[in-house]
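Report on the following structure.
Just so it is clear, none of the values below were taken in a lab; they were calculated from the coordinates. Since the model is a prediction, treat every value here as computed from it, not as a measurement. A quick note on method: Cβ atoms are made from the backbone with ideal geometry, for glycine too, and the neighbour counts reach across all protein chains shown.
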Amino acid sequence: MTGRTKIVATIGPASDTPELLDELLRAGVDVVRLNLSHGPIEQHLVRMQAVRDAAERTGLVVAVLGDLPGPKIRSGKFPDEGAYWAEGDVVQLQVGNGPSTTTLVNVDYATLLDDVKPGERCVIGDGAISLMVTVVADHKVNCVVVSGGRVAGRPGVHLPSEHSQLATPTEQDLVLAVQMAAAGVDFLALSFVRQGADLVRLRKAVGPDGPLLVAKIETAAAIEALDGIIEEADAVMVARGDLGIDCPLEDVPHLQKKIIRTCVERGVPVITATQMLESMITSPAPTRAEVSDIANAVFDGTDAIMLSAETAIGHDPALVVRTMTRIAERAEADAAYRQWANRLGRLQREQDTAPVDRITYAITHAAYQAATDIGVSAILCCTRSGRTALAMASFRPAATMIGLSPSARTVRAMTLSWGVVPLLANVYTSTDEMVWFAVESALAAGQISHGDTVLVLAGAPDMGTGASTDVLRVVDVA
């Protein structure tokens, strides 16, 4: 089966008509991202409903991810003609909201003088312009330009994350989160997460039955606290744009691999994001480097790959999705998934986990071994919460994985998990019923055929959502 790596696509002015949404979903989009940094909440609520309508029209399962703005530090406005800095120029930063000039930049951040130290780097805009702090004194931060360029408007100012006193989620984030949760969004992504407690605050605002939370890893502080963040997150995003500003660029590929590997080991879906097909905003074809980037993310084991401006404002969003799908499918054909599974089995035996998780891990590991030995066509995961499908997906099996749940919310949540085909199922009162109807549902959906041998994974129907997966059956489909 191809198409195991999921695709997240951002919609915007170039892609939010009904016709284009239908085309994007048919091209392979599994999760639609709404960038809440741009536009009023009302616009995003309209777009979310449009996605639901498109899913209904196309008969496809698609989730919606709301990406919260997070804390932002901006400079005062530069002159209309902008300003140009060359390497070696001297620039001063100060706290304020007034206009900026070539020599003095106002920064709307009250603790600027406390949060930077001599020898540290400040970045202006998208990372192209870098300043080195030389002196902090007299209510100003003296800097020398390390890499120059032109600035205009009110660009963002990026300070070292280890000293930053910015809080996340912000008050604006919390207001938006509550509104999006009330509208039924499936995922909420939190920007600039630095510790697990950041996600706890957001979850408290939206409630335990609210949207699933995606932690965006984009700071050095988040890398240090990665284990604690993953513990609290429902999914993780490798946000390489800001990660490449806060950390040395040469470290980013290695950090990407570390984050993905850790998430797969924990059974937490992980998205790789930022500039994956950036050239296709204006070009009909990607660069060779972009093709290699997508393939390497697949080789790393990522659950999903994400498009931003490419589909929000690009000239041909559907072509971008088809291109990404084609590249990912080709990479999947050569990915070393068998090594992932063998390593995961060893790690799970060594981990000190709760009894309910140990049972699920043992059954899913046994299912992977059985699927490999028997050569089954599909693995059917009957799940209320999605945990069974997540645990099975971590092994990256060659067989088709089908996640069946009576919860529409869980079905949409499984759109982010590698290789899982989500299907809505009914509630059954016995294990025998559950297994039989799971097979019938997969047949009706065209995911398996008569004559196939499949595995069915399930928990006892009367054990509740927190129960372990404790049923594994081999079924010959008559």
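Points to keep in mind about this one:
- A protection proxy built from the mean count of other Cβ atoms within 10 Å ranks the segments 67-78, 442-453, most packed first, as 67-78, 442-453.
- Distant-in-sequence amide contacts of V95, defined by a placed amide H-H separation under 5 Å and a gap of 5 or more residues or a different chain, comprise V107.
- Less than 5 angstrom separates the built amide H of V193 from those of K216, E218, all sequence-distant by 5 or more or on a different chain.
- Across region 83-158, the volume of the C-alpha convex hull divided among the residues equals 77 Å³ per residue.
- Two-site label geometry, A197 and I41: point separation in nm, points 7 Å out along Cα→Cβ: 2.6 nm
- Helix-only arithmetic for the chain: the sum of -39500 (n - 2.57) across DSSP H runs with n ≥ 4, divided by the residue total, places the mean residue ellipticity at 222 nm at -11500 deg cm²/dmol.
- Region 359-399 and region 17-69: distance between their alpha carbon centers, rounded to Å: 30 Å
- Here the simple spin-label model places points 7 Å from the Cα toward Cβ, and for S430 and N296 these points are separated by 5.5 nm.
- Entry note, the chain: relative contact order of 14 percent, from Cα contacts under 8 Å with a spacing of 6+ residues.
- Amide H to amide H, with H built 1.01 Å from N, M401 comes under 5 Å of I379, V421, counting only residues 5 or more places away or on other chains.
- Rel. contact order, % - alpha carbon contacts under 8 angstrom, at least six apart, region 337-476: 26 percent
- Ordering of 14-25, 171-182, 317-328 by packing [mean C-beta count within 10 Å, highest first]: 317-328, 14-25, 171-182
- With Cα atoms, 0 to 90° folded angle of helix 337-350 axis to the chain main axis: 90 degrees
- Note on T101 and H315: their simple-model spin labels are 4.1 nm apart, each label 7 Å out from Cα toward Cβ.
- Positive-end ranking of T429, T415, A458 along the dipole of region 381-478, with charges on Cβ about the Cα centre, is headed by T415.
- In percent, rounded to a whole number, the relative contact order of region 120-256 is 19, using alpha-carbon pairs under 8 Å and six or more apart.
- Between 0 and 90°, nearest 10: helix 18-27 axis offset from the chain longest Cα axis: 60 degrees
- Distance from region 254-324 to region 100-120 (C-alpha centre basis), Å: 34 Å
- The chain - share of DSSP beta bridges that are antiparallel (%, nearest 5): 35 percent
- HN-Hα J in Hz across region 380-392 - Karplus 6.51, -1.76, 1.60, θ = phi - 60°, x for Gly and Pro: 9, 9, 8, 8, 8, 9, x, 4, 4, 5, 4, 5, 5
- Of G119, A331, A341, farthest towards positive along the dipole that unit charges on Lys, Arg, Asp, Glu beta carbons give the chain: A341
- Per-residue HN-Hα couplings for region 273-279 [Karplus 6.51, -1.76, 1.60; θ = phi - 60°; Hz; x = Gly/Pro]: 9, 5, 6, 6, 9, 3, 5
- For the chain, the longest principal axis of the alpha carbon atoms and the long axis of helix 252-266 meet at an angle near 30°.
- Positive end of the dipole of the chain (Cβ unit charges, origin at the Cα centre): among P208, S37, C263, the Cα lying farthest that way belongs to C263.
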